[in-house]
Structure formats: structure tokens, C-alpha cells
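For reference, the structure discussed in these notes is given below.
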Amino acid sequence: MFEAKLTDGTIFKKIIEAIKDLVTDVNIDATPTGLSLQAMDSSHVALVNLHLGMEGFERYRCDRNLTLGISITNLAKVMKLVNQNDSITLKCEDEPTYLTIVCQNQKHDRTTQFNVNLITLDSEHLGIPETEYTSEITMNSGEFSKLCKELYALSETVEFEISTTFVKFAVEGEIGSGSIKIQTSADEAETSRPEDTVKLSFALRYLNLFNKAYSLSNQVKLSMAAETPLVVEYEVESLGTLKYYLAPKITD
Amino acid sequence: NWTQRDLDQYFIQV
């Protein structure tokens, strides 16, 4: 059997909220070491990669590997039943046809249970090659979310330039062009060598969808390398990571 | 003209 309990059920609710506009039907892989999910959006331009380690759960048991095909759209509807401060338990049998979700409030006087029907999906698993990222930067997730929203009003596309010490977001649209440069480190030792920077352009529409995850973490990590998808990574405290990959725009 | 290559071309089908 499989059973996983999170004391703070709203974390799981936020994760589902943060991916529901990108992916619809997904396979959640439950293994003895944790839960993971990898799915692409319908246009194959963005990929969601979630890993939650067993040690972050209050209780975790998974006797054998299970693939749980689930509609994220429907799961998001069920998540509306999760209230602030509720715990959440996910459980199923070994050959499951449904996933049971149990939410309980802190006083233990209110319990909600729902069985979500499982679906069979072709798994289209993509192997993400080991990548040496040229540029990595961690910044405030709220700030990143806000600036992506504002830049989207000015342009559909943003050009990223990131290094070890700064990140620059440049846009060019019908009304003009501009950029936001954020200095993130004043470490002299770091700047003594020439900085490697990479410039890549991305669709702001997708970045805004990724930013629905900003409430999961105060920080967001951006990783870039030439001709490689951007990685936007949110650490889910003590539980795991939620990563989004986005294909760069290219001049045809 | 901007286009986006599918992720399938960067990642490996397994």
C-alpha cells in the first residue's frame, strides 16, 4: 500500500495550484523514497518536474513502486476542500483504481475524504541530460514574479542575461525597449575572473505560469546555459523541489 | 520572427 501524510496540507494544495495551468493529466510516481512527477505542457515547450522526498512527510509508506495517473484539473478541484492548517493524507492500495485524499483540521474534529479516480496514461518520460549551467542565480521569488508580470504588459518576450553577480531582464515591444538589472552579489573575489554570461529569450506567458509557485518559497533559482532550456526552481521547504523547464526562443 | 523548439529536441526520449 501507499500512504503519505503532510502536516501542512496547504503545501500540496499550492503545488497543484502551481502546475494546474500547465499540465492536465499526469503520472505521479510513488516509490519507497518519495513522490515525483514529470510532465510537459501540451505544446511541449515547458516541462514540470516535481520531487518530494519521503523524509519531508510526517508519515510515508510505499511498499512498491506505483504509477498514479491523475487529472490535475480534477485534483485541483478536490484541493479546494483543503483548508488552512489542515493535514493531508494521500493513500491507495497496491493495484489502485482511485487515490484517497483525507484532510483533517488541527483540532481533529473535522475530516474530509475524497476518492479521486485514477486514469491510465501513456507515459512520455523525457530524460533531462546532465547540464553544466553557465549562469545560476537565486533571487526573491516575489520580486521575480512581479517583474515578469509587469514586463508581460510591455512585451511577450523577455531576454535573460544572468551571471554570478547580476541578472538582467530586457524587453522590446511596440511601445519601446528597456531592461531591469538586478545586482545580486558584491563579492569581489567572485568578480576577479571574467564573468560568463549567457543571453536567452523566453516567452513571458510561461514564466507567469511558473510564478504561480512563488508562494512555495521565498527564493527562486534560475539556471541557464547556451541553447539549453531555462530552469526555474523553487525549493519546497524540507520536502523537495519544483522545477520548471522552458525552451528558449530562437530566431528562425 | 521568434519560434520555440520543442523540449523533445533538447531532452532525450526514454
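Computed values, structure above
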quantity: Failed criterion for A:E195 (all others in (1) at pLDDT below 90; (2) assigned to a strand (DSSP E or B) hold); calculated: (2)
quantity: Region A:228-239, subset farther than 18 Å from A:Y133 by Cβ and surrounded by 20 or more Cβ atoms within 10 Å (Cβ to Cβ), residue nearest to the other protein chains (Cβ to nearest Cβ); calculated: A:V236
quantity: Selection from region A:138-164 of residues that are crowded, with 17+ Cβ neighbours inside 10 Å and without any contact (Cβ under 8 Å) to a residue 60 or more places away in the chain; calculated: A:L147, A:L151, A:Y152, A:S155, A:V158, A:E159, A:E161, A:S163, A:T164
quantity: Residue count, region A:104-136 (criterion: away from every other protein chain (no Cβ under 14 Å) and at pLDDT below 90); calculated: 3
quantity: Filter result for A:L151 (at pLDDT below 90, within 30 Å of B:D6 (Cβ to Cβ), aliphatic (A, V, I, L, M) and touching a helix residue (DSSP H, G or I) at 6+ places or on another chain (Cβ under 7 Å)); calculated: no
quantity: Yes/no for A:T100 being closer than 21 Å to A:E235 by Cα, hydroxyl-bearing (S, T, Y) and in a strand (DSSP E or B); calculated: no
quantity: Complete set of residues in region A:86-103 that are among the polar types (S, T, N, Q) and modelled with pLDDT under 95; calculated: none
quantity: Filter result (within 14 Å of chain B (Cβ to nearest Cβ) and buried (at least 20 other Cβ atoms within 10 Å of the Cβ)) within region A:211-227; calculated: A:S223, A:M224
quantity: Condition check for A:D94: over 25 Å from A:L216 (Cα atoms), within 14 Å of chain B (Cβ to nearest Cβ) and either surrounded by fewer than 19 Cβ atoms within 10 Å (Cβ to Cβ) or not polar (S, T, N, Q) (or both); calculated: no
quantity: Residue count, region A:116-137 (criterion: out of contact with any helix residue (DSSP H, G or I) (no Cβ under 8 Å at 6 or more places or on another chain), buried (at least 16 other Cβ atoms within 10 Å of the Cβ) and of a type in the set (V, I, T)); calculated: 3
quantity: Boolean, A:K91 is charged (D, E, K, R) and part of a strand (DSSP E or B); calculated: yes
quantity: Some residue of region A:150-159 being among the hydroxyl-bearing types (S, T, Y), within 30 Å of A:V26 (Cβ to Cβ), within 14 Å of chain B (Cβ to nearest Cβ) and part of a strand (DSSP E or B); calculated: yes
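The values are calculated or read from the model by the stated rules, or taken from the named source; none is laboratory data. This one's a predicted model, so the numbers in the text were calculated from it and none came from an experiment. We place every Cβ from the backbone using ideal geometry, glycine too, and count neighbours over all the protein chains shown.
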